[in-house]
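Novice: Input: one structure, supplied below.
The values are calculated or read from the model by the stated rules, or taken from the named source; none is laboratory data. It should be emphasised that the depicted structure is a prediction, and the values quoted were computed from it without experimental measurement. Positions of Cβ are backbone-derived with ideal geometry, glycine not excepted, and every protein chain shown enters the neighbour counts. Note: accessible area is taken over every heavy atom of the protein model, side chains too, but ligands, DNA and RNA are not part of it. Shrake-Rupley method; radii C 1.70, N 1.55, O 1.52, S 1.80 Å.
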Amino acid sequence: GDLLAAANVERGAATVKSVCSSCHAIEKGAAAKPTGPNLPGVVGRVIGSTDFAYSDGIKNKKEPWTYEALDAFLKDPRGFAAGVKMTFSEKDAKKRADIIRYLASITDNAPPLPAPPAAPAAPKP
């Protein structure tokens, strides 16, 4: 929650445009590229549910792309699901949060961002 709350959509957009757009369509309504599924609408979409030749590991997931699932996938795609073709990974949590905030910005009706953890209660005197 904290990282997403502080994430920068513009930095995420720059990363997606420079790194991800070679394999993924990032414009709403664009035709899918043969190397990766479309990114608009990904947040909240059921994993592996679009018309793309997904690996069996992705096809078998059957849950939505939550913010947590996207974070895990971007950190280690091949650890997330067997047979994934994506080779890009982002080890920096802040950069992943920027990417995810951008993906949410290009998703109509994206789920609300998770709330940051509550601050610890002040000690009683």
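Novice: Rolling a 1.4 angstrom probe over the protein chains, ignoring ligands and nucleic acids, what is the accessible area of residue 56 in square angstrom, nearest 10?
Specialist: Residue 56 exposes around 100 Å² with every protein chain in place.
Novice: Of 17/85; 62/94; 17/61; 33/61; 17/75; 33/62, which ones are farther than 25 Å apart at the Cα? Intermediate values should be presented prior to the final figure.
Specialist: Details: 17/85 19 Å; 62/94 27 Å; 17/61 27 Å; 33/61 22 Å; 17/75 18 Å; 33/62 22 Å.
Going by Cα-Cα distance, 62/94; 17/61 fall outside the 25 Å limit.
Novice: Quote the FRET efficiency, to the nearest 0.05, computed for residue 92 versus residue 35 with a Förster distance R0 of 22 Å and r equal to the Cβ-Cβ distance. Please list the in-between numbers first.
Specialist: Values: r = 24 Å, r/R0 = 1.07.
E(calc), rounded to 0.05, equals 0.40.
Novice: Then there's this: With springs only between Cα atoms under 10 Å apart, run a GNM on the chain and tell me which of 79, 44, 12 wobbles the most.
Specialist: Ranking 79, 44, 12 by mean-square fluctuation puts 79 first.
Novice: Let me ask something else about it. Points 7 angstrom from Cα along the Cβ direction at residue 2 and residue 21: gap in nanometres?
Specialist: 3.3 nm
Novice: Averaged over all directions, how much area does the convex hull of the C-alpha atoms of the chain cover when projected, in nm²? Spell out each step's value before the answer.
Specialist: Working: hull surface 35.5 nm².
Computed as one quarter of the Cα hull surface, the answer is 8.9 nm².
Novice: By the scheme Lys and Arg +1, Asp and Glu -1, what is the net charge of all other residues having a beta-carbon under 15 Å from that of residue 54? Don't jump to the answer; show the numbers that get you there.
Specialist: Numbers: positive: 33, 45, 59, 61, 62, 78, 85; negative: 51, 56, 63.
My count for the surroundings of residue 54 gives +4.
Novice: On average, how much accessible surface per residue is there in the chain, in Å², for a 1.4 Å probe, leaving out ligands, DNA and RNA? Mind dumping the intermediate values first?
Specialist: Values: 7300 Å² over 125 residues.
Value returned for the chain: 58 Å² of accessible area per residue.
Novice: Quick one: plug the Kirkwood hydrodynamic radius of the stretch 28-82 (C-alpha pairs) into Stokes-Einstein at 20 °C, 1.002 mPa s, and report D in µm²/s. If you can, show how the numbers build up before the last one.
Specialist: On the way: Rh = 11.6 Å.
The calculation lands on 184 µm²/s.
Novice: Among 100-107, 46-53, how do they line up from the highest to the lowest mean number of other beta-carbon atoms within 10 Å?
Specialist: Values: 100-107: 21.6, 46-53: 14.4.
In descending order of packing, they fall as 100-107, 46-53.
Novice: Based solely on its DSSP helices, what 222 nm [θ] is calculated for the chain when runs of n ≥ 4 H residues each add -39,500 (n - 2.57) and the sum is averaged over all residues, nearest 500 deg cm²/dmol? Mind showing how you got there, number by number?
Specialist: Numbers: 6 runs with 42 residues, N = 125.
Mean residue ellipticity at 222 nm (helix-derived): -8500 deg cm²/dmol.
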